[in-house]
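K.L.:
Here's a structure for you.
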Amino acid sequence: MSSDLPIGVFDSGMGGLTVLAALMERLPDEDMIYLGDTARLPYGTKSPRTVARYAAQAAAKLVEQKIKLLVIACNTASATALDDLRAAWPELPVLGVVEPGARAACAATRNGSIAVIATESTIRNGAYQAAIHKINPQARVAAQACSLFVPLAEEGWMEGPIVEAVARRYLAPVFPAETARTPDGRMPECLVLGCTHFPPLAGALRAILGEEIKIVDSAATTAAAAAEALDGRGLRSGRNLGQGKTRFMTTDDEVRFARIGSLFLGRPLEAGQVELINL
């Protein structure tokens with residue numbers, strides 16, 4: 001495997017672009033390929049069997065492009081298909097976003113009380129709860145599915161009264177208005193954004209939670225894990241020029257991908273930069 005090969009990144013839609021942005025910042029010399037499976041969005045409301053099939057198809061498409069590292073920038077796919085993809089391509093390092101997110105959450109809390117919001121599938125799977133308890137067996141985890149956040153983010157609705165009203169409804173069970181305490185009396189100290197579509201909504205969440213609650217997403221820790229994986233295998237690019245190139249692929253509507261994707265990526269993205277593909 002050559003160090004000149006690109007890093008492959010996939011998600012069900014735009015959310016994984018937040019992870020891609022962190023990868024581009026941490027690894028500016030690396031070429032990358034991003035695949036957003038927008039035609040089949042969202043993954044979070046689908047069965048584990050369907051998610052595993054979609055993830056395998058997206059991964060196979062990226063492997064066809066000759067990559068040196070695969071990043072599953074989707075919490076639902078990470079929770080469901082990580083082990084299967086590692087088994088399918090044993091020579092290829094494969095990273096998910098759940099484990100890095102769990103490490104960040106455990107590092108952000110002193111009392112071990114953590115709230116997690118994610119898609120229905122990720123919450124039902126219990127992946128974050130298991131990953132957090134593997135690091136801190138005494139941790140208390142309150143979990144809440146927030147499925148409407150995905151279409152809101154994909155529509156570009158990141159703030160405003162509608163977004164805040166939906167957020168308040170979702171957060172109420174894990175952050176009750178009076179004390180926001182878990183059954184054992186411990187106050188949740190952090191909120192894990194267990195879906196890569198959620199970081200753009202952080203401002204609306206912060207407006208509800210205030211400044212005391214730490215908001216954690218897995219993008220930066222996933223980028224750090226990617227750098228570690230490359231260094232451990234001697235696969236880091238030797239350019240040292242900060243001129244890595246990125247290709248974008250989507251399964252539906254390049255124009256919309258570029259328009260909404262720019263919000264997630266944090267930089268302008270033109271439709272001409274996006275390739276329409278079939279899986």
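The values are calculated or read from the model by the stated rules, or taken from the named source; none is laboratory data. These numbers were taken from a predicted model, which means no experiment stands behind them. Backbone-built Cβ (ideal geometry, glycine too); neighbour counts: all protein chains shown.
K.L.:
If I filter the range 170-215 down to residues being touching a strand residue (DSSP E or B) at 6+ places or on another chain (Cβ under 9 Å) and of a type in the set (S, T, N, Q), which single residue comes out as modelled with the highest pLDDT?
P.N.:
If we take residues in the range 170-215 being touching a strand residue (DSSP E or B) at 6+ places or on another chain (Cβ under 9 Å) and of a type in the set (S, T, N, Q), then T196 is modelled with the highest pLDDT.
K.L.:
Listed residues C106, C146; which is out of contact with any Phe, Trp or Tyr (no Cβ under 8 Å at 6 or more places or on another chain) and closer than 21 Å to V19 by Cβ?
P.N.:
Just one listed residue meets the conditions, C106.
K.L.:
If you don't mind, another one. Only one of T80, T76, T109 is among the β-branched types (V, I, T) and touching a Gly at 6+ places or on another chain (Cβ under 7 Å); which?
P.N.:
Going through T80, T76, T109 in turn, just one is among the β-branched types (V, I, T) and touching a Gly at 6+ places or on another chain (Cβ under 7 Å): T76.
K.L.:
Under 6 Å between Cβ atoms, which residue pairs at least 6 apart in sequence (or on different chains) link something in the range 259-279 that is among the hydroxyl-bearing types (S, T, Y) with a partner that is surrounded by 14 or more Cβ atoms within 10 Å (Cβ to Cβ)?
P.N.:
Taking only residues 6 or more apart or on different chains, the pairs are S262/L269.
K.L.:
Tell me, yes or no, whether the range 166-176 has at least one residue that is part of a loop (DSSP other than H, G, I, E, B), among the β-branched types (V, I, T) and outside the structural domain of F257 (by TED's automatic domain parsing).
P.N.:
yes
K.L.:
I've got another one for you. Go through (1) aliphatic (A, V, I, L, M); (2) surrounded by 19 or more Cβ atoms within 10 Å (Cβ to Cβ); (3) farther than 22 Å from E155 by Cα for A204 and report which single condition fails.
P.N.:
Condition (3) is where A204 drops out.
K.L.:
OK, next. Where in the range 183-279 are the strands (runs of 3 or more DSSP E), entirely inside, with at least 3 residues that are under 19 Å from the mean Cα position of the chain (by Cα) and hydrophobic (A, V, I, L, M, F, W, C)?
P.N.:
So the answer is 190-193.
K.L.:
Right, something else. Among the residues of the range 9-37, what is the count of those that are surrounded by fewer than 24 Cβ atoms within 10 Å (Cβ to Cβ), in a loop (DSSP other than H, G, I, E, B) and among the charged types (D, E, K, R)?
P.N.:
If we filter the range 9-37 for residues that are surrounded by fewer than 24 Cβ atoms within 10 Å (Cβ to Cβ), which is where we start, we get 21-22, 24-29, 31-33.
Next cut, in a loop (DSSP other than H, G, I, E, B) only: 27-29, 31.
Within this subset, residues satisfying the condition of being among the charged types (D, E, K, R) are 29, 31.
Number of matching residues: 2.
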